[in-house]
Amino acid sequence: MVPEEYVIDRLLSLRRKMGIYSAGVRWFDYGPKDDSWEPLENLPRNLVIRFLRRSKKKMAGYSRSTKIQHSKLCNSDTTSDAFW
C-alpha cells in the first residue's frame, strides 16, 4: 500500500518552539482547519527560502511603529483574510 501524499499550497508563518524551527503549512485542496506545523527539515528548502525572502521584502518598507501596529492588527479578531 502506497502512503497518501500531501501537496503544500503555501507557507503561512514560521515559529521557534523549544529550539525547533517549524512552518505553518496550508495544504493544497484543504482548508484552514487542516493547517499544521511542520519542522523545516521536512519541507523543500527552496520553498522556505522563497517564503523568507518574500517576508523580508514585505517588512522592509515598514517603520518600527508600523511593524508594531501591523503585529497588533494581525492578532486582532476583527481582521479577515480578504483585508490582507
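Residue by residue, what Karplus-based ³J(HN,Hα) values in Hz, rounded to whole numbers, does the range 27-36 have, using 6.51, -1.76 and 1.60 with θ = phi - 60° and x for Gly and Pro?
Rounded to whole hertz, the list is 8, 4, 6, 10, x, x, 5, 9, 4, 8.
With a sphere of radius 14 Å drawn around the Cβ of residue 39, what net charge do the other residues whose Cβ falls strictly inside it have (Lys, Arg +1; Asp, Glu -1)?
Value of the local net charge: +2.
Fewest to most neighbouring Cβ within 10 Å: what's the order for 34, 29?
29, 34
If you rank 51, 28 by fewest surrounding Cβ atoms within 10 Å, what's the result?
The fewest-first ordering by Cβ neighbours comes to 28, 51.
Could you list 38, 4 so that the one with the fewest beta carbons within 10 Å of its beta carbon is first and the one with the most is last?
By the 10 Å Cβ count, ascending: 4, 38.
Amide H neighbours of residue 8 under 5 Å, counting only residues 5+ apart in sequence or on other chains, H built in-plane at 1.01 Å?
Amide H to amide H, under 5 Å and 5 or more residues apart or across chains, residue 8 pairs with 28.
A short reminder: the numbers here are calculations on the coordinates, not readings from a lab. Because the structure is a prediction, the values reported are computed rather than measured. Ideal geometry is used to build each Cβ from the backbone, glycine not excepted, and the neighbour counts take in all protein chains shown.
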